[in-house]
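Here the structure is laid out as structure tokens; the discussion comes afterwards.
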Amino acid sequence: MSALIEQAVKLLRVAKETHGDALVYPCSMGLEGSVMVDLICRNGLDIPIMTLDTGRLPQATYDVVSAFEERYGIRVRVLFPDCHEVEAMVREHGVNLFRKSVELRKDCCEIRKVRPLMRALEGKEAWITGRRRQQSKGRADLQLIETDVVYGLKKYNPLLEWSLNDVEEYVRTNGVPYNRLHDAHYQSIGCECCTRAITVGEDERAGRWWWENDDGVAECGLHVMSIKQVTGDIEDGEGI
Ligand code: SF4
């Protein structure tokens, strides 16, 4: 566990030293988010933390944002979708459009999540993610540092090699605030309407857009278009 923490902090430091104020952490407010916020704040890394309020979040997510702010004395930047775009989308397709087709679900994610994120990433060089290799089949080939072809930014994945047990142990041991939906067997937490608890043996992200999944696990569009890049040019490269 200490080696994983050391590796994650080292990568965060490399990201901060490389990109300075042009680095941001968009936090999902899930369990990995708890680890990352604690690592950033505990180590005084001064990496701005933001989150996306889609308008469909569960109350437990607002509660953890508030708990972070109290615990660490920070203010999380909350980004909202363009209200005119949301109104037009709902007017045309209804409030639960995401259940009607994969295309409409992706449109909803695009307007409520991807576009606000793109605004937040304007002028940035890099962002941090809480993604882990074990979360789904689609994340098995992730690398510690990637180049995102959509946003043209570097992506750092400090928790890449962490297991779910590692994440849970870190949160428990350090008394880190966390999203209480995890106590009800939710793993990957997003919008209330598109997230459910999972059962034993299911993929960790099987609780997201489950009605679309035959054998794979859907992504929201924030991460699907990255390409991997070899990471040999950062510091000594060892353990990162
Ligand atoms: S997770 Fe569901 S409600 Fe949230 S933005 Fe995506 S489709 Fe819309």
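I'd like the residue in the range 124-137 that is over 18 Å from Ala22 (Cβ atoms) and not hydroxyl-bearing (Ser, Thr, Tyr) and, out of all such residues, is surrounded by the fewest Cβ atoms within 10 Å (Cβ to Cβ). Walk me through how you get there before you give the answer.
If we filter the range 124-137 for residues that are over 18 Å from Ala22 (Cβ atoms), which is where we start, we get 130-137.
Still in the running and not hydroxyl-bearing (Ser, Thr, Tyr): 130-135, 137.
Details: Gly130: 24, Arg131: 22, Arg132: 23, Arg133: 16, Gln134: 17, Gln135: 22, Lys137: 11.
Of everything passing the filter in the range 124-137, Lys137 is surrounded by the fewest Cβ atoms within 10 Å (Cβ to Cβ).
Among the residues of the range 47-70, the one identified as under 14 Å from Met36 (Cβ atoms) and out of contact with any strand residue (DSSP E or B) (no Cβ under 8 Å at 6 or more places or on another chain) is Val64.
Can you name the residue in the range 89-136 that is touching a helix residue (DSSP H, G or I) at 6+ places or on another chain (Cβ under 6 Å) and of a type in the set (Gly, Ala, Ser) and is also farthest from the ligand (Cβ to nearest atom) among such residues? Applying the filter and picking the extreme gives Ala126.
Could you count how many residues in the range 28-45 are in contact with a strand residue (DSSP E or B) (Cβ under 7 Å, 6 or more places away or on another chain) and modelled with pLDDT of 95 or more?
Of the range 28-45, the ones in contact with a strand residue (DSSP E or B) (Cβ under 7 Å, 6 or more places away or on another chain) are 29, 36-37, 40.
Restricting the remaining residues to those that are modelled with pLDDT of 95 or more gives 36-37, 40.
Total satisfying the criteria: 3.
When you check Lys106 against the structure, is it more than 22 Å from Leu45 (Cβ to Cβ), over 15 Å from the mean Cα position of the chain (by Cα) and in a helix (DSSP H, G or I), yes or no? For Lys106, the condition - more than 22 Å from Leu45 (Cβ to Cβ), over 15 Å from the mean Cα position of the chain (by Cα) and in a helix (DSSP H, G or I) - is met.
The strands (runs of 3 or more DSSP E) falling completely within the range 138-240 include none with 1 or more residues that are within 16 Å of the ligand (Cβ to nearest atom), at pLDDT 70 or above and surrounded by 15 or more Cβ atoms within 10 Å (Cβ to Cβ).
The values are calculated or read from the model by the stated rules, or taken from the named source; none is laboratory data. From a predicted model like this one, the values you see are computed outputs, not experimental measurements. When we count neighbours, we look across all protein chains shown, and the Cβ atoms used for this are built from the backbone with ideal geometry, even at glycine.
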